[in-house]
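S.K.: Before we start, here is the structure in question, set down as structure tokens.
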Amino acid sequence: MRFVVIHGPNLNLLGSREPDTYGTMTLDDINASLAQWAEENGSTIDTFQSNMEGELVTFIQTAGAAADGIVINPAAYTHTSIAIRDALLAVGTPSVEVHLSNTDAREEFRHHSVISDIVVGRILGLGAIGYRLALTGLQQHLQPGTLTSE
Ligand code: CA2
């Protein structure tokens, strides 16, 4: 299967600041771990990070539309971006939302996600492993019964 993993604004700073909130792995570390997951699971993964809303929308419209599944951490755009919501709706590719931190345990303005009702599922607060969990869940959603433990 073909997956895309999309990282929103400021996630390029991972590993350099706020380790108590976002962990110590860099974005390159996370993407390398996802490439390894893809190899282990016979899939391909394209990763993309941007600090610009329009670039994220364009990536969803192009690579996201051609993929079997999308894993997305829209970062701060989670709480505001109708453009990202509309792009996900337009392409219709099954998507999972990931957050490194538990947004429900943080400031009130982080409690609402504008995509929470249109994604297959959400993973919050588990750090970087959340991306691998999201991919596993998405793969299972797309091809039920493929988990080796079943
Ligand atoms: O917990 C998450 O994954 C968030 O999506 C991260 C966003 C935040 O706005 C969301 O509410 C929750 C912020 C990403 C900022 O990333 C940084 C990484 C390192 C240092 C500073 C910021």
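S.K.: Just to be sure I understand the filter: pairs with C-beta atoms under 6 Å, separated by 6 or more residues or on different chains, first member in the range 22-41 and closer than 19 Å to I70 by Cα, second member modelled with pLDDT of 95 or more and open to solvent by less than 30 Å² (accessible area, probe 1.4 Å). Which pairs pass?
M.R.: From the range 22-41, the pairs are L27/L11; L27/L14; I30/A128; L34/V5; L34/Y131; W37/L135.
This table checks each residue for (1) within 15 Å of the ligand (Cβ to nearest atom); (2) modelled with pLDDT under 95; (3) closer than 21 Å to N102 by Cα.
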residue	(1), (2), (3)
T21	yes, yes, yes
L27	yes, no, yes
I30	yes, no, yes
A35	no, no, no
D46	no, no, no
T78	yes, no, yes
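S.K.: Could you check G127 against (1) on the phi > 0 side of the Ramachandran plot; (2) touching a Leu at 6+ places or on another chain (Cβ under 7 Å); (3) open to solvent by 30 Å² or more (accessible area, probe 1.4 Å) and say which number it fails?
M.R.: Here G127 clears every test but (3).
S.K.: For H141, state whether it is more than 14 Å from S95 (Cα to Cα) and either at pLDDT 95 or above or exposed (fewer than 15 other Cβ atoms within 10 Å of the Cβ) (or both).
M.R.: no
S.K.: In this structure, is L133 within 13 Å of the ligand (Cβ to nearest atom) and within 24 Å of N41 (Cα to Cα)?
M.R.: Working: within 13 Å of the ligand (Cβ to nearest atom): no; within 24 Å of N41 (Cα to Cα): yes.
So L133 does not fit the description; no.
S.K.: Ok, one more. Based on what the data block shows, is V119 closer than 29 Å to A32 by Cβ, away from the ligand (no atom under 13 Å from the Cβ) and open to solvent by less than 50 Å² (accessible area, probe 1.4 Å)?
M.R.: yes
S.K.: Which members of the range 89-105 meet the condition of being in a loop (DSSP other than H, G, I, E, B) and loosely packed, with under 14 Cβ neighbours inside 10 Å?
M.R.: Passing the criteria: G92, N102.
S.K.: Quickly run through the range 97-116 and pick out the residues that are among the small types (G, A, S) and within 10 Å of the ligand (Cβ to nearest atom).
M.R.: S101, S113
S.K.: Just checking, does the range 116-131 include any residue being in contact with a helix residue (DSSP H, G or I) (Cβ under 7 Å, 6 or more places away or on another chain) and touching a residue at least 60 places away in the same chain (Cβ under 8 Å)?
M.R.: Yes, the range 116-131 contains at least one residue that is in contact with a helix residue (DSSP H, G or I) (Cβ under 7 Å, 6 or more places away or on another chain) and touching a residue at least 60 places away in the same chain (Cβ under 8 Å).
The values are calculated or read from the model by the stated rules, or taken from the named source; none is laboratory data. Since the structure is predicted, the reported quantities are computational estimates derived from the model, not experimental observations. Ideal geometry is used to build each Cβ from the backbone, glycine not excepted, and the neighbour counts take in all protein chains shown. SASA here: full protein model, heavy atoms, side chains in, ligands and nucleic acids out. Shrake-Rupley method; radii C 1.70, N 1.55, O 1.52, S 1.80 Å.
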